[in-house]
Structures are given as C-alpha cells and as structure tokens.
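Here's the structure we're looking at; comments come further down.
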Amino acid sequence: MEPTNNPDFQHGYTSGVEGVNRETYEGYLSSQVNTDWLQERIQEKRAELTTTEQKLSEATDARRTAFAELQNHTLQVERLDKQVKQRETDRLALITDRDSLRERRAKAAPDYSLVAGLLFLIAGISFLAGDLIISHEIVAYALNIRNTNEAWAFAVGLAMVSILLKPAYDRLIEKPYHENPEQNQSKYEKFKITLAVFSVLTLAVLGWFRYEAYRTDQLKAAINKSVRQLQLSTDPTAATQVLSPSTVDKIEKQLSESSELNLALVNSPWALLSFVLSGILFALAGAVCLGIALPVLSAFWFRWLQADIKLWKLRRRLKRLDAEIAPLEAQLAEQRTQQHVLQHNLDLLPSLEELKEQRQLAISELNEFLAELKLAQTDSRISNFNDGYGQGEANRQALSDEEQQQLRREMATRQNGKRVNGVNRPGETHSGNGSAEKGTNGKAQLRPYQTIRKFLSDDM
C-alpha cells in the first residue's frame, strides 16, 4: 500500500489542511496502538492462564493418584518394617540370652573333671558311712542304747554333722577363695595345711593303734596256741582228760595275760585318740569331699543338662526367626523400592505451588493489562473526541453567517442535542465558500457547511 493511501496519512493531511491541532490525533493513534498491543497481550495472558490452570488441574489429579499409590506402599512398608523390627527385637533378646547363658556356662566350668567329682563324692559318702558306723557303735555300746532303730537314728544324726559342716566349709573357706583368690589364698592354704597335718597325725595315730592292735592280736594268738599245746600235753590214752594242777595254773595264767592284753588295748590312749581323731577327721573329710564333689557335679549338671539343652532350644528359635525374617526383609525391600520409584515419580510432577504462583502471576499481569487497556481506551476516546471537536470548530469558523443560522435551526430540531463528531473522509478538506473543491491531492473536497450537514445526517 502506498503511504498516501494510508488512512492515517489521509487524516493527517485533512487535519493539516483544516489547521487542526496535530497532538490530539497523535494521542489517539498512540492510545489506539497501545490498545491493540494490550489486547494481544491480554489474549496471550488468557491463553497462558488457561494453560496454567489446565496444568494445575492435571498435576493435581496426577499427584492425587500417585499419592494414593504411594500411601498403599507406605502402609505396606510400615507394616513390614514393624514386623521385621519386632522379630529383630526378639532375635536380639534371644542372642542376649544365648550370650549370657554361654557366659554363665563358661563361668560354671569346674576346677575338677567329672571323674574327679565322682571320686570326691564316693569319698565323701565313704567318710559319711564310716562316721555313721563309728557313731552307731558309740551309741549302741557306749551310751547303752539297745533299741536298733533308736541307735541308728542317733547315729545318723551324729553322722550328719558332716552335712552340717559342708555349708560352713563352703561359705567360710571355698566360696571366698573362688570369689577373691588373691585376698583369701593365705586363709585357704592355712586351712588346707592344717587339714593335711591333722589328717597325717590322725593316720599316724591310727597306724600306731593298728600296730598295737596287731601286736596284741599276735600275742593273743601266741597265748591261745600255748593254751592249746598245754591242753594237748595230757595223756591221750587216758579214759578221761584230766589236767594237772600245774597245767591248769599255766592255762589260767595264759588266759589272764590275754585278758590283760585286751584290757591294755582298750585302755590305751592310742585307742582313745583313734576314736576321737577318726570321728573328727571323717566329719571334716566328708564335709570337704562333699564340698568339692557337689559343686563339680552341680556344674556339670548345669552345663550338660540345663545350659546345653537351653542353648539348643535357643538355636532352634534363632533359626526359626531367621527363616521368618528373610522373606519379610525381601518383601520390605521390594515395597521400599516401589515406594522410592513412586516418590521419584511424584517428585518429577510439576509443583502445585509453582503452578499456583504462575497462575497468580498471570492473573496479576492480566489485571494490570486490563487496567492499562482501560486507560488506553479512555485516552483513545478522549483523543478521538478532541480531534473531532477540533475539526468541527475549524469548519464552523469557515461558515458564513447565513450558513451558521441555517445550521443552528437544523441543530435545534434535534431532540437530544447530540454532539457533533466531525470525521473527515480520507483525503478530503474544506474550503471557506461551502462548495466542493479539489485538495492538494487532486480529489474533490466538500465545503464546510456540506461537511457539517453530512456529520449531522450521519448522527441522526
């Protein structure tokens, strides 16, 4: 299109011919261009707002669906994790019990073997039986208790002194030594040495008494042999065996010597010491042997018949728990993997906050554009009005008096007294005599009166 055919050029040309202020139409053109530009931006922002709201709706639905799936796996993860932790707690408790039991089993290891413990038990029982026999003899003969049951009951009571001495030996000697060997070692050694010395002395006394008894027995055997020889020294052919008085005296003398030997053996201080020391030694030795044997047997009882059985049960329970934990951990790992995948997919979705901010920003910008559009349209209409007013005023000044009077009459006939908006045709201008003339561009121009009549008729 040629520049001279442009409407803006034609309007500017007409305004220049009529002498209308150029700034008014320039403001109109500026406001109109700004209005067009704002309308384009408004359309873009509305499209952007529609797209953002659609994205927000889609993201909300996608997040709702993804979150629902994520919650299902999260619940499964929490349930499986709780079950695994419960079984791990049970497993840890079993391991703690097992380690504690192993430690107790290791601490319960005896200082003697099982064979030694059995030997000490047999020895303790033997000492107890020997003390029981000695007590029975003392009760039956020395105390003159002839009732058998009463004698054995009293003898058993005396023999149980060894059982009474056992806890005293355990608590005073054996237990302190095992708890604190360094501090109680001297006391333990003194007791052992004293017991060993007492045992040796008792054995020495018993040995000496056995020697006295053996010597007495041999002397009595010799006397008996001498008596038999005296009895056999009579005449075997005689009808009756009559001993001579001298032989009878010899026999009586030999029997008297045998009785004296028995009496001497009974009244011997070695016999007294033997009975006293053997009773004390048997009681002490029985207590010591039982004090050694019973803890050894108790330790083996605990280790073999209690700790080992319980450890076997604990191992079975641990294996059963391990068998239960393995599939639970596999399921937990699978559910956690699915949870992480869904969480990752959820994180990849557009942020609702960002979309809301974009929507709010688009709304704010759209409101700003609408406000600017309102101002631009207002400026455009004001500029258009001022331009029309300027052209009308220029045409009015070019009218003659007669034309002005006729124009006033025509305007008075209008009911609402509408304002005249003078709009020149592109490329037309007006001359002062009211007839159509040629403009500078060679086109016919209307006279001012004809122009005003035309605007009035258009307005009607």
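The values are calculated or read from the model by the stated rules, or taken from the named source; none is laboratory data. None of these values were measured; they are calculated from a predicted model. Here Cβ is always computed from backbone atoms with ideal geometry, including for glycine, and neighbour counts include all displayed protein chains. All accessible areas refer to the heavy atoms of the entire protein, side chains included, with ligands and DNA or RNA removed. Shrake-Rupley method; radii C 1.70, N 1.55, O 1.52, S 1.80 Å.
Can you compute the radius of gyration and Dmax for the range 279-333, using only the Cα atoms, both in Å?
22.8, 76
Which order do 152, 301 take by accessible area at a 1.4 Å probe, largest first?
Numbers: 152 100, 301 145 Å².
Largest accessible area first, the list is 301, 152.
Would you calculate the separation in nanometres between label points at residue 255 and residue 39, each defined as 7 Å from the Cα along the Cα-to-beta-carbon direction?
16.9
For a quick check of understanding: with a 1.4 angstrom probe and all protein chains in place, what accessible area in square angstrom does residue 37 have, to the nearest ten?
Per-residue accessible area (residue 37): approximately 110 Å².
Using a probe of 1.4 angstrom, how much of the accessible area of the range 292-360 is carbon and sulfur, in percent?
Summing carbon and sulfur atoms, their accessible area is 54 percent of the total for the range 292-360.
Alpha carbons only, please: Rg and Dmax for the range 61-106, in angstrom.
Expressed in Å, the Cα Rg and Dmax of the range 61-106 come to 19.6, 66.
Leaving out ligands, DNA and RNA but keeping every protein chain, what accessible area does residue 111 have, in Å² rounded to the nearest 10, with a 1.4 Å probe?
Per-residue accessible area (residue 111): approximately 120 Å².
Just how much of residue 33 is accessible, in Å², when a 1.4 Å probe is used and the result is rounded to the nearest 10?
Result for residue 33: roughly 100 Å² accessible.
Tell me the label-point distance for the pair residue 125, residue 89, using the 7 Å Cα-to-Cβ offset, in nm and rounded to one decimal.
Modelled inter-label distance: 5.1 nm.
Starting from the residue with the highest accessible area, list 81, 379 in decreasing order, probe 1.4 Å.
Most to least solvent-accessible, the answer reads 379, 81.
Of 107/192; 82/313; 82/310; 107/310, which pairs sit farther than 22 Å apart, going by alpha carbon to alpha carbon?
As for pairs spanning more than 22 Å Cα to Cα, those are 107/192; 82/313; 82/310.
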